[in-house]
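K.L.:
Attaching a single structure in structure tokens format; questions to follow.
Computed from the coordinates by the stated procedures, all read-outs in this text should not be read as laboratory data. The shown structure was predicted, so the numbers you read here are calculated from the model rather than taken from an experiment. Methodologically, a virtual Cβ is constructed for each residue, glycine included, from the backbone with ideal geometry; neighbour enumeration extends over all protein chains shown.
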Amino acid sequence: MADKNEKKVNEQNTANFVAETTADGNFIITREPIKGANGKQLKTQDGRLYYAYLLHGKLRGRPVKVDFSPKDKGGYELLDLVFDVAPKAELYITEVTQEINGTKQKRTVYTVNTADENGQIWKSEVKPTRASDRDMLAMLITLIGAQIKSETEETPEAV
């Protein structure tokens, strides 16, 4: 009888939240082509293809997605290299504490990682594209109970 109750609780949890994760609880980010009104993939002026980097999930039965972009404008080339290895990458979330001019500051670092056939790790730092993406990600993290790794980063004081 107790097993049936446990099964119902698991079904309710999966009905409220579904997202693709790895065994150690990291989210999976996928690269998807951005298509125009004509259904063809959009290209840059120099001929490179446009992609979106998304975390897909379901909250309360509704499909949701969190859009990620590189930390800076030049990061799209690096993201393309990371996702050329595989169409999916693992999202690592780390809380970093830095000391800058005697003041401790915390920030959250999002990194996507893939490994190639030789075991070489390819990674790039990303960020949620909009404030709504950041809020949606926070809800997903809370629901999945993801553990955020903490690190302390030493930075030299300004001279």
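K.L.:
Take the alpha carbon gyration tensor of the stretch 48-153, find the square roots of its eigenvalues, order them as a ≥ b ≥ c, and report rounded if a/c is under 1.5; if not, report prolate when a/b exceeds b/c, else oblate.
P.N.:
Working: a/c = 1.60, a/b = 1.10, b/c = 1.45.
Taking the square roots of the gyration eigenvalues as a ≥ b ≥ c, the stretch 48-153 is oblate.
K.L.:
Glu77 to Glu20: extension gain in nm, 0.36 nm per residue of separation minus the Cα-Cα distance?
P.N.:
Working: separation 57, 0.36 × 57 = 20.52 nm, distance 2.51 nm.
Here the answer is 18.0 nm.
K.L.:
What full-extension length gain, to one decimal in nm, is calculated for Lys40 and Thr97 as 0.36 nm per residue of separation minus the Cα-Cα distance?
P.N.:
Values: separation 57, 0.36 × 57 = 20.52 nm, distance 4.36 nm.
Using 0.36 nm per residue and subtracting the Cα-Cα distance, I get 16.2 nm.
K.L.:
Now for a different question. Whole-Hz Karplus ³J(HN,Hα) for the stretch 96-101, in order, using 6.51 cos²θ - 1.76 cosθ + 1.60 and θ = phi - 60°, x for Gly and Pro?
P.N.:
Values per residue, Gly and Pro as x: 10, 10, 10, 10, 10, 6 Hz.
K.L.:
What FRET efficiency comes out for the pair Ile141/Ile28, r = Cβ-Cβ distance, R0 = 22 Å, nearest 0.05? Could the numbers behind the result be given before it?
P.N.:
Details: r = 14 Å, r/R0 = 0.64.
The calculated FRET efficiency here is 0.95.
K.L.:
Exactly which chymotrypsin sites (Phe, Trp or Tyr not before Pro) in the stretch 32-95 are in a DSSP loop and have at most 14 other Cβ atoms within 10 Å? Could you put the intermediate results ahead of the total?
P.N.:
Values: sites: Tyr50, Tyr51, Tyr53, Phe68, Tyr76, Phe83, Tyr92; in loops: Tyr50.
Those satisfying the criteria are Tyr50.
K.L.:
Using a simple charge model, +1 on the beta-carbon of Lys and Arg, -1 on the beta-carbon of Asp and Glu, nothing else, what dipole does the stretch 43-101 show about its Cα centre, in debye to the nearest 20? Could the numbers behind the result be given before it?
P.N.:
Working: 9 positive and 9 negative charges, 111 e Å.
Charge dipole, the stretch 43-101, about its Cα centre: 540 debye, nearest 20.
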